[in-house]
Amino acid sequence: MSDKRAGDAANTAVKNDRATTKTDSVGRPGVEIDEKPPTDAPPTGIAALIAKIMALKPVRVLLRFGASGGEIMASGMSFQAVFAIFAGIWVGFSIFGIVLAGNPELMDAVIGQLSNAIPGLIGDEGAIKPEALAEARILGWTGAIALIGLVLTAVGWLASTRDSIRRLFKLDPPTTNFALLKLKDFGLAIAFGIAIILSSAVSLISNQGLSLAFDLLGIDTRSPFAGVVGWLVGVLVVFAFDTLVLAAAFRVLSGVKIPMRRLLAGAAIGGAALGVLKILGSQLLGGATSNPLLASFAVIIGIMIFLNLVCRVILIAATWIAVGMEDAGLDPRSLTPEQMEVERQKRVAEARDTLVAAERERLQAAIATEHGLARRRLRKKLERLDSLDHAEAVKLVEKG
């Protein structure tokens, strides 16, 4: 009798559209998908054009950016960036001011680098006067306490950036100890400050090298050609710096496992976009200052708008990498083969549960409309389905 029931269970197939629920060789509800030729013709005309546009990677990147809350995350990051930048500059010049004060050319190069990075931040008409930076020092207990508060403010932006990037990669927040994360952020902030000084030194050396090369070639350093070459070298130095900083943010700060080729490609796209923003930054600031209602704090408004655009570029570049990895089937997490197998089995179990639930609902609806022998057969099918589903659930619990 048991063999007969097993045979009946194995041969029972209840078709619901394209899904057929039956049991496999181990008594587990299985699903067969009947292959049916597509009945809908491929889209043509405007529909085909829209489908092609929606399939483009830039469009999918922007859609994912919006669906992941990129607008809100960029706004929050830019709000924190305003305080983090002023705090970071004060802390940086307080720590490195003694070194920079002994080299006026390097000091001017660093100030120029910061001024180019954020238009309107430093200058005679900017939010920060250059003379104030030269006088920034940590004096006494009050200065030390202020330094701690400013450091926490500066590293807070790094924490927001890390969480935002991980959200775009569809990853959970890191499980690392809170104190270790803050220590890591502080180290990255110090490294970022050192990188600014190094890039300023490289820019200074490259300018001096260009001047020497022009003198050897007999080219007037004040000629338009020399000016264009010097501008291009400066742009390339800034582009390389921005690319390296973005690569560090995407890989080191967020802790996302990204192949080097995709990492550098996404960081380069972000670096190029940031370069365009910096070139157009003075125009943006001029638009803010031209509004008479904002004249009293136009510089701060311009900086906030600029930082909002910068944060958008950072997150969109991260989204570009995330979509590319997803297209290539790359998981940003560091999973062992055993963990990947567990996740595969979990997805299979979830799909099975979904189909079993749909089949159960269909049988229950059919029972409510049938009578007599047909209703009894449907009840037996439903009982077998519930029995097999329960046995599979017990097996999964014991396995887990």
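Of all residues in segment 208-228, those that are of a type in the set (G, A, S) have Cβ atoms under 7 Å from Cβ atoms of residues that are part of a helix (DSSP H, G or I) and surrounded by 11 or more Cβ atoms within 10 Å (Cβ to Cβ), 6 or more apart or on another chain, in A226/F214. Every test in (1) modelled with pLDDT under 80; (2) closer than 26 Å to G187 by Cα is passed by A268 save one, and that test is (1). Among the criteria (1) at pLDDT below 90; (2) assigned to a helix (DSSP H, G or I); (3) not hydrophobic (A, V, I, L, M, F, W, C), the one P42 does not fulfil is (2).
Would you mind stating whether E341 is modelled with pLDDT of 85 or more, outside the structural domain of L263 (by TED's automatic domain parsing), surrounded by fewer than 14 Cβ atoms within 10 Å (Cβ to Cβ) and in a helix (DSSP H, G or I)? Walk me through how you get there before you give the answer.
Details: modelled with pLDDT of 85 or more: no; outside the structural domain of L263 (by TED's automatic domain parsing): yes; surrounded by fewer than 14 Cβ atoms within 10 Å (Cβ to Cβ): yes; in a helix (DSSP H, G or I): yes.
Answer is no for this residue.
Are any of the residues in segment 92-110 at pLDDT 70 or above, farther than 30 Å from R362 by Cα and under 28 Å from the mean Cα position of the chain (by Cα)? Looking through segment 92-110, at least one residue is at pLDDT 70 or above, farther than 30 Å from R362 by Cα and under 28 Å from the mean Cα position of the chain (by Cα). State whether one or more residues within segment 181-200 are part of a loop (DSSP other than H, G, I, E, B), of a type in the set (S, T, Y) and surrounded by 15 or more Cβ atoms within 10 Å (Cβ to Cβ). No: zero hits. Checked across segment 238-251, the condition of being among the basic types (K, R) and at pLDDT 80 or above holds for at least one residue.
Taking segment 59-96, which residues are over 30 Å from V299 (Cα atoms) and in contact (Cβ under 8 Å) with a residue 40 or more places away in the chain? Walk me through it before giving the result.
Kept after step one, since they are over 30 Å from V299 (Cα atoms), are these residues of segment 59-96: 59-61, 63-64, 67-68.
Scanning segment 59-96 gives R60, V61, R64, S68.
The values are calculated or read from the model by the stated rules, or taken from the named source; none is laboratory data. Keep in mind that this is a model prediction, so the values were computed, not measured. When we count neighbours, we look across all protein chains shown, and the Cβ atoms used for this are built from the backbone with ideal geometry, even at glycine.
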